[in-house]
Each structure stands twice: as C-alpha cells, then as structure tokens.
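Chemist: Mind looking over this structure? Questions follow.
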Amino acid sequence: MLDQNSSSQNQFWSLLSKKLSKEATPEELRELQSILLNNPELHPQADMLTEMWQQRVINSNVGSDAAYMRHIMKHKDEFFLEENPIEINADDVVSETNSGFFNSLFSKRRLIIVTLLAFIMLITTLYLFTQKNDTKLPAEQVISSVVTKNGNRTKIVLPDGSQVWLNAGSNLDYNNSVFNKDLREVTLNGEAYFDVTKNADKPFIIHTKKMDVKVIGTVFNVRSYNDEKTAEASLIRGSIEVTLKDRKDQKIVLKPNEKISIPTQEAETALSRPGKTPTVKNTRSIPQIIVKELKPNPVYNLIPEIAWTQNKLFFENESLENIAPMMEKWFGKKVMIANEALKNIHYTGNFENETLEEVLSYLKLSKSFNFRLGNDNVVIY
C-alpha cells in the first residue's frame with residue numbers, strides 16, 4: 001500500500017495532475033498506471049477527482065478554475081476544522097455496535113478530509129500547469145516584412161489570397177501569426193496596388209502614417225511615402241472606407257473611380273493676439289481632404305495613379321520638384337535639383353523601358369536644363 005506521507009504519494013498526485021492537464025509524457029503515464037496497479041485503494045480517489053476535473057472543464061474556463069481553487073484554499077480551514085472533543089464519562093457504556101458505527105463514521109470523515117486535501121493538491125497543481133500553458137497562448141509577434149528597394153517593384157500574395165503589387169521604395173508589414181484570423185491588417189509605407197479577396201467577416205485594413213483604409217473585397221491603390229507631402233488612396237472598383245489618424249470620428253467612403261488626397265505634413269498657422277503682430281508659429285494638423293474623380297489621360301489612355309502597375313513611369317502636369325522623387329524610386333538613383341528656378345517647371349511624360357538618362361534628355365527638350373550623371377546620383381542644374 002502506498003504510504004500517504006511518502007514522496008511516492010506526491011509523485012502520484014503530480015502524475016495525475018499532468019495526465020488531466022494533458023502534460024504527461026508516455027513514460028509518466030506508464031508510471032501512473034503502475035502506481036495504480038500496485039495501490040488499488042487509490043482508484044476511487046483518482047476516478048472521483050478525474051470526473052470532478054472533467055466536469056470543471058466542461059462547465060468552466062481556466063479563469064473560473066483558478067477562482068475555484070482560491071475559494072477552496074480560502075475555506076480549507078473550515079473543511080478541516082476539528083470539532084470540539086466529546087467528553088465521555090467513565091460511567092458511559094458504549095456498545096460494540098455503537099463503537100463500530102462511530103469508527104465507521106470517523107473513517108468516512110477521514111476519507112472525506114483526505115479526498116478534499118487531495119483535490120486541493122490536484123487543483124493547485126493543475127492551476128500551475130494551466131498558468132504555464134497560458135504563458136504560451138499569446139501569439140508571437142511574427143512580423144513578415146516585404147521590402148522593395150528603389151528601382152524595383154514586386155508582387156506578393158498574402159495568406160488570405162489577396163494580391164499586392166508593391167511599388168519601388170515601399171515596405172509592407174503584417175503579423176503572420178494572427179493575419180486572417182479575426183482581422184486582416186497590414187502596415188504600408190510607400191505605394192501598393194491591392195486586389196483584396198472578399199471576406200465580409202474579416203475586413204482588410206491598411207494602416208499608413210496619415211490614414212487607415214478599410215475594405216472587404218475590392219481593387220484600389222494606396223500611396224503613402226513618409227518623405228512625400230501627400231498621401232492618396234485611389235479606388236478602382238468596390239468600396240473602401242478611409243479614416244484619418246487625427247480625425248477618428250470622421251470616415252470617408254470612396255466610390256469606384258474616386259481618389260482621396262491628404263497632406264502628410266502639418267500646416268503652419270500663425271498664432272496672433274489682438275493688437276500685436278504674429279510672432280509665434282503654432283504647428284497644427286489640419287489636413288485639407290480632397291476627393292476627386294479618377295480620370296484617364298486622353299492622350300495615353302492611362303489612369304496616372306495606377307500607371308506604375310503597368311510598368312509605366314507616368315506623370316501628368318507635375319512639377320520637376322515632384323517628378324524628382326518619382327525618378328529616384330523608379331531608377332534607384334538620388335535626384336538632386338541644384339537650380340531652384342527649375343523646381344516649378346511642369347511636365348507630362350510616359351516612359352516604360354527608357355533609362356534615366358533618356359528620360360532627362362526628353363524632358364530637357366521642352367524646358368532646357370543640364371544634368372550630370374554619377375554612379376548613384378544625378379544633379380539637375
């Protein structure tokens with residue numbers, strides 16, 4: 001028979017706890033079975049505690065099990081409180097039958113106490129195992145990053161089947177461990193063209209520096225480079241909902257062939273007082289939202305906002321100052337304008353397989369300027 005105070009006793013409860021919490025190894029299960037075979041008196045307690053634990057699992061969760069354990073530990077003294085001893089006079093006569101009855105009663109009481117104690121031990125051990133498992137439950141931050149350098153473009157397929165084309169100088173991040181479970185969320189710095197797999201139960205959200213774009217299933221383009229003055233979202237088909245980071249209560253729903261533009265740089269406004277000349281400037285974030293229709297260029301039959309997805313470097317009536325970063329990303333070379341007077345000259349152009357030198361040579365035909373090509377940069381003057 002197993003010694004109730006031995007280390008083997010503790011081993012028995014530990015093994016039983018591991019079995020119920022599904023932590024036991026095959027060797028430990030065999031050891032537990034061996035203990036039960038050699039100590040048949042443990043079978044009733046093991047069966048009862050197993051049934052009690054299974055009922056707790058069916059009707060409760062981990063949190064309530066922990067609370068139940070704390071409740072039992074709090075009131076354990078009430079369970080094991082010894083009753084006031086009964087004084088028996090020498091003259092009292094106790095028959096053998098009554099003596100057997102009281103012995104039986106005390107034996108049952110001892111069994112209940114032992115069982116309750118065992119149950120407390122079991123709950124405590126299981127709670128510790130459960131807590132250990134809980135620390136494993138939060139999903140690891142498995143961030144997947146797709147980066148395209150200047151001069152490159154790429155296409156990826158997300159775990160939900162959505163297709164994304166990334167323009168040059170862009171990066172797209174998403175948590176691969178939780179993506180497509182409750183939500184489909186990505187973070188974008190740069191420009192991307194999305195063809196999102198429709199799933200009404202799991203909205204697709206793109207987070208950018210200035211806005212969040214929420215979709216169900218649609219085709220659209222988002223441009224939000226940290227070094228550019230404007231962020232844009234252009235809807236080709238379907239529907240998207242745009243929320244500004246600094247205006248959470250305001251949502252703009254775009255219709256097909258609509259585009260929203262939001263300044264990414266905070267506007268400077270003068271802070272003035274009556275009778276005094278404004279001397280202090282206050283920086284406030286007041287984006288001027290512009291929603292307009294997407295229109296294809298009548299000459300080239302291209303929608304400028306998504307021409308890059310057709311491998312075309314296209315700009316329409318853009319200033320050289322704005323064209324310079326476009327060429328940087330397209331060709332992967334730093335473009336510097338040394339002559340300030342050239343920055344506000346506007347151009348329209350459509351290029352596909354031309355080199356940077358060929359593009360600049362074309363532009364200088366209409367408005368004369370000079371340029372100097374280096375290994376990794378070009379200077380316009």
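Chemist: Net charge within 14 Å of Arg30 by Cβ-Cβ distance, Lys/Arg positive one each and Asp/Glu negative one each, not counting Arg30 itself? The partial results should precede the final answer.
Modeler: Details: positive: Lys18, Lys19; negative: Glu27, Glu28, Glu31.
In short, -1.
Chemist: Roughly how many Å² of Asp376 are accessible to a 1.4 Å probe, to the nearest 10?
Modeler: Around 100 Å² of this residue is reachable by solvent.
Chemist: Could I ask something else about it? Using mean Cβ contacts within 10 Å as the protection proxy, how do 366-374, 194-202, 303-311 order, highest first?
Modeler: On the way: 366-374: 12.3, 194-202: 15.8, 303-311: 18.0.
Sorting 366-374, 194-202, 303-311 by mean packing, highest first, produces 303-311, 194-202, 366-374.
Chemist: Given R₀ = 51 Å, FRET efficiency for Lys149-Thr25 by Cβ-Cβ distance, to 0.05? Present the calculation step by step, with values, prior to reporting the outcome.
Modeler: Details: r = 49 Å, r/R0 = 0.96.
For R0 = 51 Å, the calculated efficiency reads 0.55.
Chemist: Measure up Lys229/Lys334; Lys155/Lys295; Lys251/Lys312; Lys214/Lys255 against 23 Å on the Cα-Cα distance and list the ones that go over. Mind dumping the intermediate values first?
Modeler: Working: Lys229/Lys334 18 Å; Lys155/Lys295 25 Å; Lys251/Lys312 32 Å; Lys214/Lys255 13 Å.
Too far apart for the 23 Å limit: Lys155/Lys295; Lys251/Lys312.
Chemist: Ok, one more. So what J values fall out for the stretch 163-176 if you push phi through Karplus, 6.51 cos²θ - 1.76 cosθ + 1.60 with θ = phi - 60°, rounded to Hz, Gly and Pro as x?
Modeler: 9, 10, 9, 9, 7, 4, x, 10, 9, 10, 10, 7, 8, 5
The values are calculated or read from the model by the stated rules, or taken from the named source; none is laboratory data. These figures come from a predicted structure and were not determined experimentally. All Cβ positions, even for glycine, are placed from backbone atoms using ideal geometry, and neighbour counts span all protein chains on display. Ligands, DNA and RNA are stripped out before the accessible areas are found, and what is left, the full protein with its side chains, is counted by its heavy atoms. Shrake-Rupley method; radii C 1.70, N 1.55, O 1.52, S 1.80 Å.
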